[in-house]
Every structure is written in C-alpha cells, then in structure tokens.
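The values are calculated or read from the model by the stated rules, or taken from the named source; none is laboratory data. Just so we're clear, the structure is a prediction, and the values are computed from it rather than from any experiment. Here the Cβ is made from the backbone with ideal geometry for all residues, glycine too, and neighbour counts use every protein chain on show. When the accessible area is computed, the model is the full protein with side chains, heavy atoms only, and any ligands, DNA or RNA have been set aside. Shrake-Rupley method; radii C 1.70, N 1.55, O 1.52, S 1.80 Å.
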Amino acid sequence: MTTAAEVVHELDRQGLTVAVAESLTGGLLAAELISVPGASTVVVGGVVAYQTPLKASLLGVPAALLAARGAVDPDVAVAMAAGARRALAVEGQAADVGIATTGVAGPDPQDGQAPGTVYVALSAGGEARVTRLALEGDRAAIRSATVSESLSMLHDWLTGPRE
C-alpha cells in the first residue's frame with residue numbers, strides 16, 4: 001500500500017477530512033491523494049495558491065507576514081494549512097486537517113531562499129506542525145520529494161501521538 005493509500009485509509013478510519021493548500025507542488029499533493037480509490041470520502045479539495053498575493057486573498061495568510069518574510073517561510077506554511085481548512089469548508093464545516101506546501105522548486109532562488117528550501121505544514125484543531133526541508137535535485141525532483149514528505153508528515157500525525 002502506498003503512503004497516500006495509507007493516509008486515505010487512516011483518515012477514513014478516524015472519520016477525518018483533509019484540505020490541501022499548495023504552492024510549489026502545484027496540485028501534485030492533492031492529485032496523489034485523489035488517485036486513491038475512496039479518497040472522495042476524506043479529501044474535500046485543494047487550492048493551488050502559486051502566486052504570493054493569492055496566499056493572502058484566498059487562504060488568509062496575513063499580507064504583512066508575506067511582505068515581511070516572503071512566501072517561503074514556516075509561519076506562512078502554517079497559515080496556508082489553516083487557511084485551507086477554512087477556505088475549503090463544506091456546508092460551513094471546516095476540514096479537520098489542513099496540509100500545505102510552500103518553497104522553492106528552482107532553478108532560481110525566491111525571496112532570498114535557495115532552490116530546495118521547502119516548508120510543509122499541518123493544521124488540525126489547535127495544533128500546528130511545520131517541517132523545513134532542504135531538498136536537492138532538479139525542479140521535478142524537488143516537487144516530487146515535497147509530495148512524499150507531505151504525505152509522510154500527514155501519515156505520522158495520523159498514526160502517532162498528538163498534542
């Protein structure tokens with residue numbers, strides 16, 4: 001069973017829903033989750049907020065935070081994950097879990113950050129987790145590794161101890 005399949009199964013078993021906010025992965029994370037049969041019961045949707053202003057207008061990331069630190073920042077990732085839960089609410093019910101990716105796929109730096117600098121964040125209830133990744137490879141490799149790391153983070157949260 002793939003990590004995505006394990007995540008979908010565990011979300012379903014626990015009766016939880018997930019919303020995805022993506023920047024550098026451009027929908028790859030949502031596509032990986034949705035590729036699993038039965039994903040429609042747990043995946044509410046995804047937002048590709050590729051340009052920085054969309055992170056503020058659609059996901060509610062504070063504009064002042066984006067102006068001060070840029071889009072490649074741990075607090076931005078956390079705000080994106082929380083924002084996905086709200087933005088993708090179904091019938092007024094926010095998603096139980098939000099997961100977000102933001103970073104630099106390359107080949108050029110962004111916001112003073114080197115290619116391969118990525119933040120993956122998870123938001124659930126009052127809990128937030130964020131991981132900084134320093135990935136290597138070309139653009140496709142960085143994006144693919146970000147999806148894998150995001151699924152691992154979600155899997156670990158679902159199967160491990162929670163705050």
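I'm trying to understand the selection: among the residues of the stretch 24-52, which are under 13 Å from the mean Cα position of the chain (by Cα), more than 17 Å from VAL90 (Cβ to Cβ) and in a helix (DSSP H, G or I)? Within the stretch 24-52, LEU28, LEU29, ALA31, GLU32 qualify. Scanning the stretch 143-163 for residues that are touching a residue at least 24 places away in the same chain (Cβ under 8 Å), over 14 Å from GLY103 (Cα atoms) and charged (D, E, K, R) yields ARG162, GLU163.
Mind listing whichever residues of the stretch 68-82 are of a type in the set (Gly, Ala, Ser), over 15 Å from SER150 (Cβ atoms) and either within 12 Å of the chain's Cα centre (by Cα) or surrounded by 20 or more Cβ atoms within 10 Å (Cβ to Cβ) (or both)?
Restricting attention to the stretch 68-82, the residues satisfying the condition of being of a type in the set (Gly, Ala, Ser) are 68, 70-71, 77, 79, 81-82.
Next cut, over 15 Å from SER150 (Cβ atoms) only: 68, 70-71, 79, 82.
The answer is ALA71, ALA79, ALA82.
Mind checking which pairs have a first residue in the stretch 109-122 that is farther than 26 Å from HIS155 by Cα and a second that is among the hydrophobic types (A, V, I, L, M, F, W, C) and assigned to a strand (DSSP E or B), Cβ under 9 Å, 6 or more apart or different chains? Matching pairs, first to second residue: ALA114/ALA134. Determine whether the stretch 83-106 contains at least one residue that is surrounded by 13 or more Cβ atoms within 10 Å (Cβ to Cβ), in contact with a helix residue (DSSP H, G or I) (Cβ under 8 Å, 6 or more places away or on another chain), charged (D, E, K, R) and closer than 30 Å to ASP138 by Cβ. No; the residues of the stretch 83-106 include none that is surrounded by 13 or more Cβ atoms within 10 Å (Cβ to Cβ), in contact with a helix residue (DSSP H, G or I) (Cβ under 8 Å, 6 or more places away or on another chain), charged (D, E, K, R) and closer than 30 Å to ASP138 by Cβ. When residues in the stretch 116-126 are screened for being open to solvent by 20 Å² or more (accessible area, probe 1.4 Å) and out of contact with any Pro (no Cβ under 6 Å at 6 or more places or on another chain), 2 of them pass. Among the residues making up the stretch 1-57, a single one is free of Cβ contacts under 8 Å to residues at least 40 places away in the same chain, polar (S, T, N, Q) and open to solvent by less than 60 Å² (accessible area, probe 1.4 Å): THR52.
Within the bounds of the stretch 64-73, is there any residue that is assigned to a helix (DSSP H, G or I) and in contact (Cβ under 8 Å) with a residue 24 or more places away in the chain? First the steps, then the outcome.
Initially, the stretch 64-73 is screened for residues assigned to a helix (DSSP H, G or I), giving 64-69.
Narrowing the set further to residues that are in contact (Cβ under 8 Å) with a residue 24 or more places away in the chain leaves 69.
Within the stretch 64-73 (the criterion being assigned to a helix (DSSP H, G or I) and in contact (Cβ under 8 Å) with a residue 24 or more places away in the chain), the answer is yes, since at least one residue qualifies.
Cβ-Cβ distances below 8 Å connect the following pairs, each with a first residue in the stretch 83-95 that is in contact (Cβ under 8 Å) with a residue 40 or more places away in the chain and closer than 10 Å to VAL20 by Cα, a second residue that is assigned to a helix (DSSP H, G or I) and small (Gly, Ala, Ser), and a separation of six or more residues or different chains: ALA95/ALA84. I'd like to verify a number: residues in the stretch 127-142 that are touching a residue at least 24 places away in the same chain (Cβ under 8 Å), under 16 Å from GLY27 (Cβ atoms) and open to solvent by 60 Å² or more (accessible area, probe 1.4 Å), how many? So the count comes out to 1.
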